[in-house]
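I have placed the structure first, in the form of structure tokens, so that the comments after it can refer back to it.
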Amino acid sequence: MAVRGKFIGLLFTAGSCALSAQFRTVERMDHLEQFDEKKFSWGFFLNANRYNEKLVLDPKYGYNDGQDLVHYKSAYSFGAGLLGKMRINDNLDLRLEPGLQFVQRELFFNTQSNDQYAVDANGDDVFTPLPLGPADKHRNLKSTYIDIPLLLEVHGDRWYNSRPYIAGGLNWMVNLQSNADSEDDNAQGIFRSTSSNFGWSAEMGLQLYFNRFKLTPAIRGTFVFNNEVVPDKSSTPPYWASAIANMHTRAFMFVLKFE
């Protein structure tokens, strides 16, 4: 019994020493200790995204018997870009993160019921009704955005090899596939939207320090201010753009930054 007691006591002592070594703060190694002291630094990022649309439908052409006539469907996609950081002080950084975002969305127009407005109250023709086939009811909106956010980052104190932060700022977003200047519109199957857009972003993440680089996983939301719909021509029946009063992009991203 005495030998067994000494053996158990030895195991307990060894375990205590191991735990003490694991959590002893003076022996934990900090990586890239001077990295955040630089006035300027740079890196790149990769992200997954999902772009949704906040639709405000036209009271006349966008509803029928209380039912929405326009719906959208979004899909997951991806993006990439560069980042530059300017240090302001120990808790504030200014970041510029230009990138390319590849986006795909779909709009569905169940607007055949707008035929009821083809003739006004005086009996005059307003437009000529068209039979809407499957292709007429569907618009595939492929977009490539040049997204340029300017973010003010507020971070906490570093805890070993990690540091939490939040950031917010303004975005300029250029849609390279907007078709804004196209002479064709939805009568020819072309949905047009604004090419230059402005919005704001909010972000939160955790900066992780390794031997040779800093990795930052983050979540970002981006919200466009302006209405992105370009109206159809006056000669085009009100099945498409006329059914949407306002359309605002809302983007959600998971971002991995490497510095």
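Every number in this text was worked out from the coordinates using simple rules, so none of it is lab data. Predicted model, so just to flag it, every value in this text is computed and none were measured. Cβ coordinates were reconstructed from backbone atoms using ideal geometry, including for glycine residues, and neighbour counts include every protein chain displayed.
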Item checked: Förster-model FRET efficiency, 35 Å R0, Leu57 and Phe210, C-beta, rounded to 0.05 -> 0.10
Margin query: Starting from 0.36 nm per residue, how many nanometres of slack lie between Tyr160 and Asn122 once their C-alpha separation is accounted for?
Written below: 6.0 nm
Next item on the list: Calculate the radius of gyration of the Cα atoms of region 35-258 to one decimal place, then report Dmax, the largest Cα-Cα distance, as a whole number, both in Å.
Entry: 21.9, 78
Next item on the list: May I ask which residue of Asn175, Gly189, Pro98 lies farthest towards the positive end of the charge dipole of region 35-258, with charges of +1 (Lys, Arg) and -1 (Asp, Glu) on Cβ and the Cα centre as origin?
Entry: Pro98
Note to self: Let's test the formula: R0 of 30 Å, r as the Cβ-Cβ distance of Ala202 and Phe258. What FRET efficiency results, to the nearest 0.05?
What the structure shows: 0.90
Notebook entry, point to check: Taking region 35-258, how many lysine pairs are there with alpha carbons less than 20 Å apart, if each pair must be eight or more places apart or span two chains?
Noted result: 17
Check: Relative to a virtual label point 7 Å from the Cα of Asp65 in the Cα→beta-carbon direction, which members of region 94-138 show backbone nitrogen distances below 19 Å?
Finding: 109-118, 132
Notebook entry, point to check: Sorted by packing (mean other beta-carbon atoms within 10 Å per residue), highest first, where do 57-69, 75-87 land?
Noted result: 75-87, 57-69
Item checked: Spacing of the two label points (7 Å from each Cα toward its C-beta) at Asn140 and Arg87, in nm -> 4.9
Next item on the list: With everything on Cα atoms, drop me the angle between helix 2-23 and the longest principal axis of the chain, reported from 0 to 90° to the nearest 10.
Entry: 50
Margin query: Let me understand region 107-219 better: what is its radius of gyration from the alpha carbons, and its Dmax, in angstrom?
Written below: 23.9, 78
